[in-house]
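The structure appears right after this line, and notes come after that.
Throughout, read-outs are computed from the coordinates displayed, never taken from laboratory work. Quantities reported herein were computed from a predicted structural model and do not represent experimental measurements. Cβ placement follows ideal geometry from the backbone for every residue including glycine, while neighbour counts extend to all protein chains displayed.
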Amino acid sequence: MLVAPSILSADFGKLADEVEAICNSGCDLVHVDVMDGHFVPNLTIGPVVVSAVAKVATKPLDIHLMVENNSFFVDLFASLNPRYISFHIEEEKHPHRLIEKIRSLGIKPAIVLNPHTPPEAIEFLISELDMILLMSVNPGFGGQKFIPSVIEKAKRLKSLIEKYNPNCLIEVDGGVNDKNISLLKEAGVDIVVAGSYVFNHTKGYEYAISSLKR
Ligand code: DX5
Ligand code: ZN
């Protein structure tokens, strides 16, 4: 299991130290939640802060857009050389076009599904994607409760992926912890995002990350 800590739960007063610390604690990606106050009822960080993160990160960035104008935000972050940019299917009229744009910028395109969106909604896009992110909470905030129906969704998505594009990865985001990690693994999930579980763990980041990989 690959682990992508979400810096939303980091201490923003010492963000550079926090990013360095997770990168030195065995994480695989640095998950960056970009929220615009419109698509979700929260507002987070833009390219100025994310470029400071990119400067100190020794692991690739995984940028999760929760915004209304996806194409505009892709342009804002493209020069920071993230590994993935993911956008919500619920907010995109022309997902195929946007996937091509992200790939043309040298970034791996990914699509995010909200808890209510079935995997079949993106059946004919799977062959174009490097990753699909399943939300296991309603997007907008860290520290929410895991929605268990994502397990069945991941299994259904896995069989679509086997049919259309076996190289496409499944990522799950929201409420991930040491209790649900084995169910996620069994369901075929490749990467988990974990915010509050990693950053609030009493035994530290390294222990928290390795407990999700075990
Ligand atoms: C929620 C974000 C998540 C969030 C995860 O909208 O996409 O990445 O930070 O936080 P936890 O792991 O605390 O649910
Ligand atoms: Zn996220």
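A few remarks follow.
- Selected residue (only one of E100, E123, E91, E128 is within 16 Å of ligand 2 (Cβ to nearest atom) and of a type outside the set (A, V, I, L, M, F, W, C)): E91
- D62 fulfils the conditions (1) within 17 Å of G142 (Cβ to Cβ); (2) surrounded by fewer than 22 Cβ atoms within 10 Å (Cβ to Cβ) except for a single criterion, (2).
- Residue check, A57 surrounded by fewer than 16 Cβ atoms within 10 Å (Cβ to Cβ), among the hydrophobic types (A, V, I, L, M, F, W, C) and either within 27 Å of K14 (Cβ to Cβ) or more than 18 Å from the chain's Cα centre (by Cα) (or both): no
- Options P118, P148, P139; residue that is on the phi < 0 side of the Ramachandran plot and away from ligand 1 (no atom under 16 Å from the Cβ): P118
- For beta carbons closer than 9 Å, sequence separation of 6+ or different chains, a first residue in segment 164-182 that is closer than 15 Å to L125 by Cβ and a second that is hydroxyl-bearing (S, T, Y), the qualifying pairs are Y164/S127; N165/S127; C168/S127.
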